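Trainee: Okay, handing you the structure first.
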Amino acid sequence: MKRRRLWKFHGGVHLPQQKTISTTMPVHAAQLPKRLVLPLHQHIGASAKAVVEVGDNVLKGELIAHASGYVSAPIHAPSSGTVVAIADHPIPHPSGLHAPCIVIETDGEERWVEARPYDDYLHMDPSHLRNLVREAGIVGLGGAGFPSYIKLNPGADKVIDTLILNGAECEPFITCDDMLMREQPEQIVEGLHILQHALRAKRCIIALEDNKPEAYTALSAAVAKSERCNIIEIVQIPTIFPAGGEKQLIKVLTGKEVPHDGLPLHIGLVIQNVATCAAIHRAINLGQPLISRYVTITGGGVSQPRNLEVLIGTPIQELLEQCGALDIEPQRLIMGGPMMGIAVHTSSAPIIKTSNCVIAATDDDLPSPQPVMPCIRCGACADACPALLLPQQLYWYARAKNLERIQEINLFDCIECGCCSHVCPSHIPLVQYFRFAKTEIWSQEREKERADLARQRHDSRLERIEREKAERAARLQKKKQALKERSAGDSSKKAAIAAAVKRAQEKKARQQTKEPSANEEDSSQ
Amino acid sequence: MTIAPSSSPFAHGTSSVTKVMLRVIYALLPAIAACVWFFGWGVIVNILIAVTTALLCEALILKLRQRPIMPYLLDGSALLTAVLLAVALPPLSPWWLTVLGVGFAIIIAKHLYGGLGYNPFNPAMVGYVVLLISFPREMSSWLSPQILSDYSLNFAATITATLNGQLPNELQLDALTMATPLDTLKSQLRLDHSISETVSSHPIFGLLGGKGWEWINGALLLGGLWLIYKRVITWHIPAAVIGTVAAIAALFYLYDAETYASPLIHTFSGATIMGAFFIATDPVTASATLRGRLLYGAGIGLLTYIIRTWGGYPDGFAFAVLLMNMVAPTIDHYYQPRVFGHKRK
Ligand code: SF4
Ligand code: SF4
């Protein structure tokens with residue numbers, strides 16, 4: 001097969017991979033935890049709404065919370081048991097927040113809900129397929145958590161040239177997609193067929209970094225067996241962070257840039273993560289909603305770093321114990337990768353749909369940052385920025401809180417990949433400043449919206465008052481008018497009377513002085 | 001503003017300000033060695049005096065400014081300023097010249113503007129220009145490699161010479177010194193000697209430029225290329241500086257080879273290479289965008305040529321750098337790169 005031409009994106013960094021530590025053991029299902037904690041908000045968009053109550057018995061795969069809005073996703077019970085609480089619980093979130101969760105005490109029986117009758121997806125309408133994906137609660141498993149069915153809804157006029165499966169997995173430490181591609185390549189290829197059918201994509205590419213030769217071999221074998229192998233291409237791309245970023249991967253594969261205000265769809269592409277794709281296969285062909293995923297448990301804090309198939313809602317602590325949590329207190333607990341992951345504040349927080357990796361990081365894995373020095377304007381950050389931004393200028397304006405100028409130089413094109421912070425010789429936490437600036441701008445906008453709304457309300461109140469005043473005035477005016485008319489009527493009567501009286505008097509007077517009046521007439525002649 | 005203590009990225013590179021600065025100093029080592037070879041120990045003595053002065057001044061000011069002393073003292077920036085200035089000064093300069101220049105560079109040019117990262121002007125060049133204006137005679141008495149080879153001065157004698165101006169064997173400093181190649185060209189031109197006449201007759205000129213100078217410049221070039229290879233600097237500024245100087249020189253040289261020096265002389269005799277790779281690339285005071293750096297470098301090249309050819313100083317590099325330092329923020333303001341996914345404006 002001819003080698004596909006690949007492109008480069010600007011910047012990026014080469015990172016120590018630290019992946020092989022977690023790929024030595026095959027993937028097993030994690031032990032069933034006693035309790036499953038399911039946050040209602042595990043995806044981008046609106047929180048799901050619980051449809052169970054405390055005390056309800058639920059079956060594995062049963063719907064326990066439904067989607068509330070277009071951008072939202074339902075949640076299913078990962079195992080059978082009893083709902084014991086619907087309350088706030090620590091979740092994996094950068095703020096360390098507690099958020100509403102459904103807590104299920106498992107009964108260990110793993111009784112499945114009745115399966116949806118099987119139907120061949122080839123006979124299904126794309127819209128029906130989309131609905132099934134939606135009902136299965138599938139969101140992007142690569143980390144973003146965007147409800148997947150929306151990407152399957154490109155609109156009638158859009159032609160999908162290429163469907164890209166993202167198996168790049170460019171962050172250090174994480175190997176869950178790698179292991180999935182090695183161990184379940186058929187699931188991925190099956191899912192790919194479904195997606196291709198739903199999108200009527202002309203071509204498909206499965207892309208992975210060239211540091212995963214085993215996955216490449218496994219996928220190649222699976223693709224070769226599939227009947228549509230002629231439109232599926234597996235492409236190995238150079239290993240550089242963040243090659244797995246959606247926009248970066250598209251650039252590498254096609255040379256095209258997704259417009260800053262657009263979607264891949266606008267240039268004829270749809271991109272899905274490989275794990276999401278396998279989940280879609282399970283939803284459509286097996287009728288299973290999204291209730292488990294592969295998770296990498298790694299870092300110096302565990303003695304057997306590995307991948308496990310984990311039920312959504314499993315507390316991190318249980319996984320650490322199964323992987324031989326060491327006594328030494330890991331310096332940090334990170335969910336996701338070291339570049340874009342989040343610090344988890346407590347190991348009681350659960351695995352959610354988007355959790356691809358848990359790193360129990362020791363100081364050796366990820367040394368704590370060195371003291372911050374002033375920016376020496378070396379430009380290393382700009383050289384590393386895949387979004388082609390000038391992080392050093394962004395930093396400058398973020399510090400100066402010049403929120404207008406920082407937007408002019410495109411703060412919102414920053415994908416928070418962390419490359420700039422990584423290379424900065426002065427160890428400036430640049431990304432933290434950018435997040436801060438973004439939050440600040442959002443809160444200002446909300447503030448402004450609120451103010452606008454308040455002003456509108458105020459204005460309409462004033463208007464109402466004005467209107468009422470005007471109306472009152474008008475009514476008063478009318479009344480006055482009416483009164484006047486009436487009084488005007490009165491005066492005409494009076495005048496008539498007066499006139500009559502006058503006439504009568506005149507008549508009388510004429511009769512009395514007939515001559516003089518005649519004289520008068522004469523004299524007047 | 002409070003920054004959450006731990007948020008991504010959690011992985012950090014191993015780069016540091018100290019490493020960056022030290023690498024630049026390493027890159028200077030071959031040139032320093034060549035300098036010792038051709039001009040004797042003077043440059044080493046210069047460096048010793050300059051470094052001591054720089055570190056003392058830095059520590060003093062940090063203390064006055066109530067800044068943490070150790071991290072900044074170890075960041076290598078004062079060290080680098082000192083070494084750069086020491087290399088640029090004539091060997092056997094009197095000690096007070098070096099002390100004054102470095103003191104001015106660190107205290108006024110660096111710290112008065114806010115210290116590391118905040119100084120708009122390259123401190124070493126500010127120090128250099130101040131000395132050039134105030135002490136033109138001391139600044140233009142370079143040793144001649146020829147004469148020096150007749151009276152080799154050992155290290156101890158060099159120190160004595162630097163500290164109290166005493167040379168062994170009743171030698172006079174004047175006997176050892178001589179104008180720089182560019183200086184010579186300029187003065188000979190004033191005397192209506194053509195360039196080719198001067199270059200061929202004067203013992204100071206060698207193969208490419210000034211004798212000895214060409215080797216030092218070769219060593220600087222080597223160090224500079226290593227810096228690019230190590231990604232301490234990018235190619236943009238050096239290429240733009242040297243390219244511009246050489247291109248303009250070539251134009252005039254073709255026009256009239258007798259009044260305008262060849263591009264080779266311009267490249268290999270003065271501060272062109274040292275400046276292009278080591279001075280103009282000082283990140284703090286240069287333009288930070290890639291396209292901006294091209295413009296910035298071209299500006300330095302152009303100004304250097306203009307000052308050399310028509311200005312009052314034989315080498316205009318320091319002035320050119322300082323002038324372009326002023327423009328750098330403006331260049332950065334207007335030369336924004338195209339952001340990913342945006343159309344080119
Ligand atoms: S990498 Fe750091 S020191 Fe260099 S320009 Fe960027 S922010 Fe400044
Ligand atoms: S975090 Fe933002 S500014 Fe920094 S390198 Fe990534 S995209 Fe560029």
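Trainee: Sort through B:Thr14, B:Thr18 and tell me the only one that's closer than 30 Å to A:Ile342 by Cα, more than 7 Å from chain A (Cβ to nearest Cβ) and part of a helix (DSSP H, G or I).
Mentor: Result: B:Thr18 is the single residue among B:Thr14, B:Thr18 that is closer than 30 Å to A:Ile342 by Cα, more than 7 Å from chain A (Cβ to nearest Cβ) and part of a helix (DSSP H, G or I).
Trainee: Ok, one more. From the list A:Ile291, A:Ile334, A:Ile342, A:Ile376, pick out the single residue that is touching a His at 6+ places or on another chain (Cβ under 8 Å) and within 14 Å of another protein chain (Cβ to nearest Cβ). Walk me through it before giving the result.
Mentor: Working: A:Ile291 fails: within 14 Å of another protein chain (Cβ to nearest Cβ); A:Ile334 fails: touching a His at 6+ places or on another chain (Cβ under 8 Å); A:Ile376 fails: touching a His at 6+ places or on another chain (Cβ under 8 Å).
Exactly one residue qualifies, and that residue is A:Ile342.
Trainee: Moving on to the next point. So, A:Ile406, is that one part of a helix (DSSP H, G or I) and within 13 Å of ligand 2 (Cβ to nearest atom) or not?
Mentor: yes
Trainee: So which of A:Thr314, A:Thr276, A:Thr296 ends up being away from every other protein chain (no Cβ under 14 Å), buried (at least 24 other Cβ atoms within 10 Å of the Cβ) and in contact with a Cys (Cβ under 7 Å, 6 or more places away or on another chain)?
Mentor: A:Thr296
Trainee: Check whether at least one residue in region A:81-90 is in contact with a Cys (Cβ under 7 Å, 6 or more places away or on another chain), assigned by TED's automatic domain parsing to the domain that holds A:Ala29, modelled with pLDDT under 95 and surrounded by 15 or more Cβ atoms within 10 Å (Cβ to Cβ), and report yes or no.
Mentor: Looking for residues that are in contact with a Cys (Cβ under 7 Å, 6 or more places away or on another chain), assigned by TED's automatic domain parsing to the domain that holds A:Ala29, modelled with pLDDT under 95 and surrounded by 15 or more Cβ atoms within 10 Å (Cβ to Cβ), one finds at least one in region A:81-90, hence yes.
Trainee: For A:Arg5, all conditions in the list (1) closer than 30 Å to B:Thr289 by Cα; (2) modelled with pLDDT of 95 or more hold save one; what is the number of the exception?
Mentor: Here A:Arg5 clears every test but (2).
Trainee: If the requirement is being within 16 Å of ligand 2 (Cβ to nearest atom) and crowded, with 19+ Cβ neighbours inside 10 Å, which of these qualifies: A:Leu394, A:Leu366?
Mentor: Values: A:Leu366 fails: within 16 Å of ligand 2 (Cβ to nearest atom).
Being within 16 Å of ligand 2 (Cβ to nearest atom) and crowded, with 19+ Cβ neighbours inside 10 Å holds for just one of A:Leu394, A:Leu366, which is A:Leu394.
Trainee: As an exercise: evaluate A:Pro126 against (1) closer than 28 Å to A:Ile342 by Cα; (2) within 29 Å of the chain's Cα centre (by Cα) and give the number of the one condition it does not meet.
Mentor: Only one criterion is unmet by A:Pro126, namely (1).
Residue-by-condition table, conditions (1) in contact with a Ser or Thr (Cβ under 9 Å, 6 or more places away or on another chain); (2) of a type in the set (Phe, Trp, Tyr); (3) more than 14 Å from chain A (Cβ to nearest Cβ); (4) part of a helix (DSSP H, G or I):
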{"site": "B:Ala239", "(1), (2), (3), (4)": "no, no, yes, yes"}
{"site": "B:Ala249", "(1), (2), (3), (4)": "yes, no, yes, yes"}
{"site": "B:Phe252", "(1), (2), (3), (4)": "yes, yes, yes, yes"}
{"site": "B:Met274", "(1), (2), (3), (4)": "no, no, yes, yes"}
{"site": "B:Ile300", "(1), (2), (3), (4)": "yes, no, yes, yes"}
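Trainee: If you don't mind, another one. When you go through A:Pro33, A:Pro16, A:Pro26 one by one, which is the residue that is assigned to a loop (DSSP other than H, G, I, E, B), within 14 Å of another protein chain (Cβ to nearest Cβ), over 22 Å from the mean Cα position of the chain (by Cα) and within 28 Å of A:Pro305 (Cα to Cα)?
Mentor: The match here is A:Pro16.
Trainee: Right, something else. In region A:411-440, which residues are more than 14 Å from ligand 1 (Cβ to nearest atom), assigned to a helix (DSSP H, G or I) and either more than 8 Å from every other protein chain (Cβ to nearest Cβ) or out of contact with any Ser or Thr (no Cβ under 8 Å at 6 or more places or on another chain) (or both)?
Mentor: Selection gives A:Leu411, A:Phe412, A:Asp413, A:Phe436, A:Ala437, A:Lys438, A:Thr439, A:Glu440.
Trainee: Just to be sure before I move on: is A:Ile160 outside any loop (DSSP other than H, G, I, E, B) and either under 24 Å from the mean Cα position of the chain (by Cα) or assigned by TED's automatic domain parsing to the domain that holds A:Gln196 (or both) in the structure I sent?
Mentor: Numbers: outside any loop (DSSP other than H, G, I, E, B): no; either under 24 Å from the mean Cα position of the chain (by Cα) or assigned by TED's automatic domain parsing to the domain that holds A:Gln196 (or both): yes.
No; evaluated as a whole, the condition is false for this residue.
Trainee: Next question. So the check is Cβ under 6 Å with 6+ separation or different chains; which pairs have a first residue in region B:12-26 that's of a type in the set (Gly, Ala, Ser) and a second one that's assigned to a loop (DSSP other than H, G, I, E, B)?
Mentor: Filtered contacts from region B:12-26: B:Ser15/A:Pro425; B:Ser16/A:Pro425.
Trainee: What are the residues in region A:379-391 that are more than 8 Å from chain B (Cβ to nearest Cβ) and buried (at least 24 other Cβ atoms within 10 Å of the Cβ), if any?
Mentor: The first filter runs over region A:379-391 and keeps only residues more than 8 Å from chain B (Cβ to nearest Cβ), leaving A:381, A:384-385, A:391.
Across region A:379-391, the qualifying residues are A:Cys381, A:Cys385, A:Pro391.
Trainee: Hey, can you tell me all the residues within region A:351-373 that are touching a helix residue (DSSP H, G or I) at 6+ places or on another chain (Cβ under 7 Å) and either of a type in the set (D, E, K, R) or more than 9 Å from every other protein chain (Cβ to nearest Cβ) (or both)?
Mentor: A:Ile351, A:Asn356, A:Cys357, A:Val358, A:Ala360
Trainee: Inside region A:259-273, can you point out the residues that are within 13 Å of another protein chain (Cβ to nearest Cβ) and either surrounded by fewer than 21 Cβ atoms within 10 Å (Cβ to Cβ) or part of a strand (DSSP E or B) (or both)?
Mentor: A:Pro259, A:His260, A:Asp261, A:Gly262, A:Leu263, A:His266, A:Ile267
The values are calculated or read from the model by the stated rules, or taken from the named source; none is laboratory data. Just so you know, these numbers come straight off a predicted model, no measurement behind them. Reconstructed Cβ throughout: ideal geometry from the backbone, glycine too, with neighbour counts over all protein chains shown.
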